[in-house]
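Accompanying notes for the structure given below.
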Amino acid sequence: MEIVHTISDLQTKLNALRQNNKSVGLVPTMGALHEGHLSLIKRCRTDNDVAVVSVFVNPTQFNNPNDLATYPRDLDADAALVNAEGVDLLFAPSPEDIYSNEEINHRFEFDFQGLDKVMEGKQRPGHFNGVVQIVSKLFQLTNPTRAYFGEKDFQQIAVIRLMVKTLGFNLDIIACPIIREASGLAKSSRNQLLSDDQKVLASNIFKVLKESLNFASKMSPLNLSQWVTENINAHKGLEVEYFEIVNADTLQTISDWNDASSVVGCVTVHCGNVRLIDNIKYKG
């Protein structure tokens with residue numbers, strides 16, 4: 001495996017690797033890699049001739065400066081994990097390598113067709129502008145055949161699929177299942193910011209989501225949403241920011257289970273100062 005930090009080195013190495021029409025897989029990450037990322041990398045390695053992983057904590061998708069400052073970073077540890085998976089290239093640029101001063105100081109504009117007005121987009125204005133900005137750049141720089149994302153970031157995948165369609169990228173977006181701790185807690189880089197006791201506490205998020213499947217046939221989406229919120233909040237130290245039961249395609253809240261053929265419940269919960277997301281499929 002080779003580690004490259006600049007765009008010119010990335011493209012030089014990638015051009016050499018992609019000869020003879022070899023397929024290229026890309027796993028974009030913000031580092032602090034865990035088993036969830038490794039599942040994406042394994043799938044990427046299986047599906048493609050060349051595997052590329054990017055590690056870049058993207059400043060333009062953080063609307064909270066403290067969240068950016070405290071986001072876990074350990075490139076040496078990440079590189080060791082990636083190397084063990086047989087990845088060909090690890091791209092680890094600095095913000096200065098990726099963005100001009102104008103790009104980093106002005107919001108990237110994109111028509112999200114309403115996907116940025118709900119859930120994460122509503123709570124974190126500008127977040128998805130930054131996501132589209134960096135992912136579109138990575139796609140332009142690597143020209144991958146396929147790109148891999150985890151289903152924990154359910155709304156993000158919908159945004160990226162829209163971006164691919166709108167901007168005309170010729171690649172496949174591969175969504176991979178959530179990887180969980182034995183306790184059920186969704187694997188996340190932010191889990192590194194939790195104490196051991198908080199990890200135990202945070203495992204109740206998925207326990208409540210999983211239990212809610214038993215009531216989907218007995219409650220309306222609104223009543224079930226209230227039930228989930230109340231039962232997560234019943235655990236002292238957990239506070240639900242939002243829980244929305246939505247059409248999996250449009251991400252719009254549904255009022256009746258027959259409103260959509262595929263339905264997902266998406267939640268964000270604060271555990272202490274750490275913001276955690278998760279989701280569960282109810283239908284489709």
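Bear in mind that the values in this text are calculations on the coordinates, not laboratory data. Since we're looking at a predicted model, the values are computed, not measured. Heads up, the Cβs are rebuilt from the backbone with ideal geometry, glycines too, and the neighbour counts pull from every protein chain shown.
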Given H placed on each backbone N at 1.01 Å, which residues far from Cys176 in sequence or on other chains put an amide H within less than 5 Å of it?
-> Phe149, Gly150, Glu151
Any idea what log10 I(q)/I(0) is at q = 0.12, 0.14, 0.18, 0.24 Å⁻¹ for the range 189-278, Debye with uniform C-alpha scatterers and no solvent?
-> -0.37, -0.50, -0.77, -1.16
Cross-link pairs beyond the 24 Å C-alpha cut-off, checked among Lys42/Lys152; Lys117/Lys207; Lys22/Lys137; Lys137/Lys187; Lys117/Lys165 = Lys117/Lys207; Lys137/Lys187
Sorted by chain and number, the residues with a modelled amide H under 5 Å from that of Lys283, at a separation of 5 or more or across chains, are Val263
Between Asn21 and Lys281, what length comes free when the chain is fully extended (0.36 nm per residue of separation minus the Cα-Cα distance, one decimal in nm)?
-> 89.9 nm
For Ile3, residues with placed amide H under 5 Å, excluding near neighbours = Leu90
Could you work out how far the C-alpha centroid of the range 217-243 sits from that of the range 37-63, in angstrom?
-> 32
Dipole of the range 63-114, positive direction: furthest Cα of Gly114, Asn66, Ser100, with charges on the beta-carbon | Asn66
